[in-house]
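Q: To start, I am sharing the structure in question, which I have written as structure tokens.
The values are calculated or read from the model by the stated rules, or taken from the named source; none is laboratory data. Computed from a prediction, not measured in an experiment: that's the story for all the values here. Here Cβ is always computed from backbone atoms with ideal geometry, including for glycine, and neighbour counts include all displayed protein chains.
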């Protein structure tokens, strides 16, 4: 009876290890389809730049997801300073968005222009 139990465990182990390998491989491939952000970089006094890249559409969200993440990070950066984000320019490709922006106070004259 003990021998049968051990054989069953071996069968279970043989079935389980390939399944675990598949799960790990899937997790690695999913990680590759993620996003890469430069983080907010200062260009000039109070002018900033961020670049976000997402996997192309079949694997990721492409430029639309990159744009969403770039604007979110830019707005959060300005909000931490108690300021608002003003979009200065954007360049994008199939999976990348480069955003240039400023952080200004809500009573700043630049907002009114």
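Q: Restricting the search to region 79-106, which residues are surrounded by 20 or more Cβ atoms within 10 Å (Cβ to Cβ) and more than 13 Å from residue 49 (Cβ to Cβ)?
A: 95
Q: Then there's this: (1) in contact (Cβ under 8 Å) with a residue 24 or more places away in the chain; (2) surrounded by fewer than 13 Cβ atoms within 10 Å (Cβ to Cβ); (3) more than 16 Å from residue 100 (Cβ to Cβ): which one isn't true of residue 55, the others all being true?
A: All conditions are met except number (2).
Q: Can you tell me which residue is nearest to residue 95 (Cα to Cα) among those in region 23-44 that are at pLDDT 85 or above and out of contact with any helix residue (DSSP H, G or I) (no Cβ under 8 Å at 6 or more places or on another chain)?
A: Restricting attention to region 23-44, the residues satisfying the condition of being at pLDDT 85 or above are 36-44.
Right, trim to out of contact with any helix residue (DSSP H, G or I) (no Cβ under 8 Å at 6 or more places or on another chain) and you get 36, 38, 41-44.
Values: 36: 11, 38: 14, 41: 20, 42: 23, 43: 23, 44: 26 Å.
So the residue we want is 36.
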